[in-house]
Amino acid sequence: MGNGRLFSGLRAAAAAFGKVVAGAPRANEPAPLADINRMVERLHRAHADRERSEAETLARDIELASSAGGSRPMMAELVALIRAYDTANSEQDRKDIASRLRALSAEQRGGLFDAIDFLRARFGWGPEVAVYVRSREGKTPPKFARFCESLSRDLLRSGFQTNAPRTATALRLLANDQAGMHLKGTIGWSGGLPKLGIVREIERTVKNGQALGAEDRANAARLIALVCDTQYYKNRTGPEKTDPPLIVSLKALAGAGQQDSFFARMRANPPAKLPHLRYTPPPSDKAEFWDDVLTELAPMFEDIRAYAGDRTVHNWLTDRQAFAARFGSGDGSAAFRFGWWARDTKGEEGFHKDYNNHLSRMLSEEKPEWRQLATAAQMAMLRAVGPSFDRGWPQDFTRAGTRVEAFEFGGGDPDGSLLNQMVAAGDGAPGTTWLKDCERKIAALGHDAVADGFRQWLKPLCELALPEIERDVYIGLEAYSLVFSPQNASVFPTPLPERESAGYEAAVRQSALKAICAIPGLLFQRAAGDYVPWQFDLGRLHGELSPDNVAVARGIGLALSRLPADKALPLLESLAGATLIKTGHHGRTVRSQKTGAACVWSLGQLGTADAAYALGRLRRRIDDKVVIKSIDKALEAAGSKLGLSGDDMQEIAMAEYGIGDGGLRVEELGGVRVELRVVSSAKAELRSIDAKGKSSRGIAKDFKAAPGGSEMAGELEDAAKDIALILPEARRRIESAWRDGRHWNYQGWQDRLIGNGLLRTLSERLIWRFAGPKGEAFVAMPREGELVDHAGVRCPVPGPDLTVHLWHPLDSPATTVAAWRESLARQTIQQPFIQAWRPVYVVTDAELATRSYSNRFAAHILEQAPVMAILKKRGWTAYNRSMHGNNAEHERVRLTLPYHGVAAEFWVAGIGTRVQDIEAAERGAALYAFIATDRVAFFALDPKTGQPGEIPLPVDAVPPRAFCEAMYDIDSVIGRTSIGNDRHWQDRGSNARHPLSERPEFLDYRERYSAGQASGLAKGRRDFIATILPGLAIANQCTVTDEFLIVDGKRKTYRINFASGHIRMAPNDRYLCIVPSNEAAGPRPAYVPFEGDDILSVILSKAMMLANDDKITDGSILRQIA
């Protein structure tokens, strides 16, 4: 609020009391209101006097400035601008002044800056004027000085022509925040960095040849630290692409660009070390003085111990006169000012209570290490070992600076040219020019020398170990250094007396007295023992790398791609693990994702099988999706160099976790045998077997208690978890070979799918077709190291020129397919996915009639959420149907098969009024709970764009395998998500939120589905049951028809649908509901031909239970049968 408004407000306040403040108070005016009037008038007069005085002072200062600098260029313009500042009363006036400055030339603005600097020095106002700091007397700096500093700020913002003196002055003002611009932490401001045109002008003159002095570069560096002084911005040193332009320019001026090399700056600023030793060698005169203090302390502590044992002893501790005689007399002496003596509430003199507590703690038996006073000899030892005690300790990679001795490469690169090249790589993938320059420098130094230098720098970063140190020396050095720290300066006299002077001994005694009370913990020897790392040190050991170290580590990661693979690979894998794998100290921290990404890129560039293995090992230890994506990209890059696909590289990279024959790994410790067994394509099981042969799940305690057992148990448990994650993905890659047209050369198939024990658990349960270059082919399975046909006859060993394909029933006549099915059933081999029983979908007459589409799977009602999830997992592009509508592209549910040159489209539409998620619908995301199916059509892909055309293909023109795979996906998704196949439809439990039979057509559809025609999958189930039925105990009670398994029970005859698993009872086709909890009580089938078909298992278990329906005890089932 301005002063005028203040006085107006005061007058209004007085008027509120019913009086008008104007002129002299009236005689009958109450005294309080008269006082208010007088106070307001006094303030008003004082304000007017101050304004008049300031105006007179401004006029006098302008006259003095004109006379003092009348001959200087731009002085008249400066005076005119000062007058403009004085009369500026609005924001528009300020803008007019800024426009006036911009209208001047750069040289004229430079002249104004020189004039202000001249007047600043001439009249002696300090830089604090710029930030409106009052003087100690409470006076405000004069207007002339304030206006000059405001003009100086505007000039720094707009910029001006620079020379060496102007550059030095400008950088000094900005670096010390003396220009009144409040630059601290401005990089974190939402409005962005302030405009500093002067920095751009200085950078331009430097590029044109002006040299910067060491102080100028230091000021530029200080300005960077000032602007970046915020927790949200840590990138202060190396030039980075993410830096704002102002920071880039300042780094160039500070020496991060063309002024000094990164190598030179790092060598001039050695980094901190770990453990963090807070030791600074003391000045020699203070060290000698402290030695004498310790010598003086020895007899003093004898007196203290005597006093502790007998409080009546007579010495300086109990006698004030003795105290004064020893340490000085009078309350004005240093000793008494220190506060040793005090009077208690009774007026008796004695120790101050705080100092008495100090003495009590020092003499306490609980701290025996405090009973041994430090000596001058020990201090001399600490001074001797201090400078070299931390030699060989690793650097602190979380702090600024880094060690660069390794990058001299044994004297081959004394200027660090390779390091300077490495840190200039930037953020993204390196460019061709950078790679060529790097390769040239590495070749000149020699691969061995460069690898050794990199290894030397990386060792402390990757090993994560603190050195073993002598605890007493370590803590003694820190304590000794702390004695001379600024916070303990009061212990030492100022100035420090000469050793031979008359007052030296008295000063030593007084300092000894002060030390007892000020730094008691620093006076004693430290007990020896094992060093326990501080939490501070451990946090630094595992913490994020500083920008300097990120620049170096990332440069190493990229440069290693230019070394031979045998030298680069171990360093890359070690560095990637050290920077990408999350550490466990104080949370899980990734030390540098940039560095890890560089290592991943380089591993891909090496393009060797070993590099692929390393990428695979790294991939399994990382849970960051972004990093996993970059690893997959690197695997593809490595595969392109080897002529292999991304899937091939994934197989190469897959570890086998020690899995051997039969999908088994065995470890034995402490008399306990632990088995890690792959029991399916999605699960590995751990079991323990003790000396008596007793088996139990998991890992036994005796195994973990054995030497090395805990580590081995952790490895086995991690392996079981990894197998459950990566084996389903491997299964998916193999199954997709039908769609992708993928095949293997025989040696690659043997090495990757058979040689890897984990992948062998999949490949040995599958059928393969081996094709030669002349068209010869045979079908076989790998069994016990050999290839055998469906009759068990050994096949000849294929030659190296044969290719291996995943066999499909379309590849063989029906008799061969039937023979393979019978063979698998006879050997009870469960395939990881449906292969021998995979449905073959043949174009029907109805599809030939419709020609361009198929209605085979139309008119089904499905649950939308699982449909879209399954199709996406199978490679389809699928989007949920919304009640708010979908765009044209999202309406399509499409499977693109580039190898076959076609795309399949499956038409679906939302149905009903029910939404998937009520809460989401309330937020506007109203997705249909159910969808209705329609036609399936196929479109040819454009050879150039890979996009499907607009006109559908005739169904008989679609490649048979593409037709089969698309139809299989749709068939399987209908079987798994149809409401007609929903076993929970009748009873959703107590948590059900809405009725499902809200639409009559839903119930009609369920009836039709239960009695509908068999699909391709249903026919496969029928064929399998027909194959194994003769060997089952219930064979005489079962009959197989096209669509049903008929079971003659003791009480009823039942028909089980092969498509849905639903049960109908004779004679009136009444529905029999068996909910999952009841099924669990029934017998389970011993064997099903492939994993993943729950309906087949349900059909067999229901048939076994219903064949013996006289033994059913479940009340709900018995009531339905009755």
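Filtering Leu727, Leu766 for residues that are crowded, with 21+ Cβ neighbours inside 10 Å and either acidic (Asp, Glu) or modelled with pLDDT of 90 or more (or both) leaves a single hit, Leu727.
With respect to the stated conditions, Lys241 is closer than 28 Å to Asp413 by Cβ, surrounded by fewer than 17 Cβ atoms within 10 Å (Cβ to Cβ) and modelled with pLDDT under 80. Taking the stated definitions as given, is Phe397 at pLDDT 85 or above, on the phi > 0 side of the Ramachandran plot and among the hydrophobic types (A, V, I, L, M, F, W, C)? Answer is no for this residue.
Just to check your reading of the model, which residue among Ala1018, Ala992, Ala1014 is at pLDDT below 90, closer than 18 Å to Val1088 by Cα and not hydroxyl-bearing (Ser, Thr, Tyr)?
Working: Ala992 fails: closer than 18 Å to Val1088 by Cα; Ala1014 fails: closer than 18 Å to Val1088 by Cα.
Going through Ala1018, Ala992, Ala1014 in turn, just one is at pLDDT below 90, closer than 18 Å to Val1088 by Cα and not hydroxyl-bearing (Ser, Thr, Tyr): Ala1018.
When residues in the stretch 255-305 are screened for being in a helix (DSSP H, G or I) and under 30 Å from His542 (Cα atoms), 7 of them pass. Within the bounds of the stretch 421-435, is there any residue that is in a helix (DSSP H, G or I), free of Cβ contacts under 8 Å to residues at least 12 places away in the same chain and surrounded by fewer than 18 Cβ atoms within 10 Å (Cβ to Cβ)? Yes, the stretch 421-435 contains a residue that is in a helix (DSSP H, G or I), free of Cβ contacts under 8 Å to residues at least 12 places away in the same chain and surrounded by fewer than 18 Cβ atoms within 10 Å (Cβ to Cβ). Which residue is nearest to Gln161 (Cα to Cα), if the candidates are limited to the stretch 175-227 and must be modelled with pLDDT of 75 or more, assigned to a loop (DSSP other than H, G, I, E, B) and of a type in the set (Gly, Ala, Ser)? So the residue we want is Ala211. Can you find a residue in the stretch 923-940 that is surrounded by fewer than 18 Cβ atoms within 10 Å (Cβ to Cβ), out of contact with any Phe, Trp or Tyr (no Cβ under 7 Å at 6 or more places or on another chain) and at pLDDT 90 or above? Within the stretch 923-940, one or more residues are surrounded by fewer than 18 Cβ atoms within 10 Å (Cβ to Cβ), out of contact with any Phe, Trp or Tyr (no Cβ under 7 Å at 6 or more places or on another chain) and at pLDDT 90 or above. Within the stretch 1092-1112, the set of residues being modelled with pLDDT of 85 or more and in a loop (DSSP other than H, G, I, E, B) comprises Asn1108, Ile1112. Scanning the stretch 765-780 for residues that are within 9 Å of Leu802 (Cα to Cα) and in a loop (DSSP other than H, G, I, E, B) yields Gly772, Pro773.
State all residues of the stretch 769-800 that are among the charged types (D, E, K, R) and loosely packed, with under 11 Cβ neighbours inside 10 Å; if no residue qualifies, say none.
Lys774, Glu776, Glu784
The residues of the stretch 67-81 that are modelled with pLDDT of 85 or more and either touching a Lys or Arg at 6+ places or on another chain (Cβ under 6 Å) or within 15 Å of Arg153 (Cα to Cα) (or both) amount to a single one, Leu81. Apart from one condition, Ser485 fits all of (1) surrounded by 14 or more Cβ atoms within 10 Å (Cβ to Cβ); (2) over 32 Å from the mean Cα position of the chain (by Cα); the exception is (1).
Among the residues of the stretch 400-447, just one is under 21 Å from Glu544 (Cα atoms) and touching a Ser or Thr at 6+ places or on another chain (Cβ under 6 Å), namely Ala400. Checked against the criteria, Thr1039 counts as hydroxyl-bearing (Ser, Thr, Tyr) and in a strand (DSSP E or B).
Taking (1) closer than 23 Å to Val1088 by Cα; (2) among the hydroxyl-bearing types (Ser, Thr, Tyr); (3) in contact (Cβ under 8 Å) with a residue 24 or more places away in the chain in turn, Thr815 satisfies each apart from (3).
Residues checked against (1) of a type in the set (Asp, Glu); (2) farther than 26 Å from Asn745 by Cα; (3) part of a loop (DSSP other than H, G, I, E, B):
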| site | (1), (2), (3) |
| --- | --- |
| His790 | no, no, yes |
| Pro796 | no, no, yes |
| Trp820 | no, no, no |
| Glu847 | yes, yes, no |
| Gly875 | no, no, yes |
| Tyr879 | no, yes, yes |
| Gly885 | no, yes, yes |
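In this structure, does Pro1089 turn out to be modelled with pLDDT of 85 or more and either farther than 15 Å from Leu1045 by Cβ or hydroxyl-bearing (Ser, Thr, Tyr) (or both)? Can you show your working first?
Values: modelled with pLDDT of 85 or more: yes; either farther than 15 Å from Leu1045 by Cβ or hydroxyl-bearing (Ser, Thr, Tyr) (or both): yes.
So Pro1089 fits the description; yes.
For the stretch 454-479, the set of residues classified as over 29 Å from the mean Cα position of the chain (by Cα) and either within 20 Å of Thr595 (Cα to Cα) or not in a helix (DSSP H, G or I) (or both) consists of Glu468, Ile469, Glu470, listed by residue number. Listed by position, the helices (runs of 4 or more DSSP H) inside the stretch 539-649 whose residues that are over 17 Å from the mean Cα position of the chain (by Cα) and acidic (Asp, Glu) number at least 1 are 547-559, 565-580, 609-620, 625-642. Scanning the stretch 492-506 for residues that are without any contact (Cβ under 8 Å) to a residue 40 or more places away in the chain and of a type in the set (A, V, I, L, M, F, W, C) yields a single hit, Ala502.
In the set Val867, Val804, only one residue is buried (at least 18 other Cβ atoms within 10 Å of the Cβ) and touching a Ser or Thr at 6+ places or on another chain (Cβ under 7 Å); that residue is Val867. Could you go through the stretch 1039-1051 and let me know if any residue there is under 23 Å from Gln835 (Cβ atoms), modelled with pLDDT of 80 or more, under 55 Å from the mean Cα position of the chain (by Cα) and in the same structural domain as Asp1110 (by TED's automatic domain parsing). No, the stretch 1039-1051 contains no residue that is under 23 Å from Gln835 (Cβ atoms), modelled with pLDDT of 80 or more, under 55 Å from the mean Cα position of the chain (by Cα) and in the same structural domain as Asp1110 (by TED's automatic domain parsing). Among the residues making up the stretch 818-832, none is free of Cβ contacts under 8 Å to residues at least 24 places away in the same chain and in contact with a Leu (Cβ under 6 Å, 6 or more places away or on another chain). I'd like the full set of residues that are assigned to a helix (DSSP H, G or I) and farther than 18 Å from Val552 by Cβ, limited to the stretch 436-453. Passing the criteria: Lys436, Glu439, Arg440, Ala443, Ala444, His447, Asp448.
The values are calculated or read from the model by the stated rules, or taken from the named source; none is laboratory data. This is a predicted model, so every value here is computed, not measured. So basically every Cβ, Gly included, is an ideal-geometry build from the backbone, and we count neighbours across all protein chains shown.
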